[in-house]
Amino acid sequence: MENFHESVFPDERFHDGIPGVLVRPITCVGTYTRMAKDRTENLVVFTRLVASSPLPGTGLPPPPNRP
């Protein structure tokens, strides 16, 4: 989890092409600027699926784990 000022959002790191199942939630944090009607920073959570299991009762196998 990292904070980034809006002017230096980590585009390359966010869209890095890492294989596998990824979720990267983004939310606004920092000081609210009334003139811009926006916050000064973005909070990015970098995640990666490391294991999974089927939902009970579905009979479906878990998705493959990827490096």
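Scanning the stretch 3-29 for residues that are assigned to a strand (DSSP E or B) and either loosely packed, with under 11 Cβ neighbours inside 10 Å or among the polar types (S, T, N, Q) (or both) returns ASN3, HIS5, THR27. So which residues in the stretch 37-57 are in contact with an Asp or Glu (Cβ under 9 Å, 6 or more places away or on another chain) and without any contact (Cβ under 8 Å) to a residue 40 or more places away in the chain, if there are any at all? Within the stretch 37-57, ASP38, ARG39, THR40, GLU41, ASN42 qualify.
Any read-out appearing in this document is the output of simple, stated calculations on the displayed coordinates, not a laboratory observation. Here the structure is a predicted model, which means the values were calculated and not measured. Note that we place each Cβ from the backbone using ideal geometry, even for glycine, and neighbour counts take in every protein chain shown.
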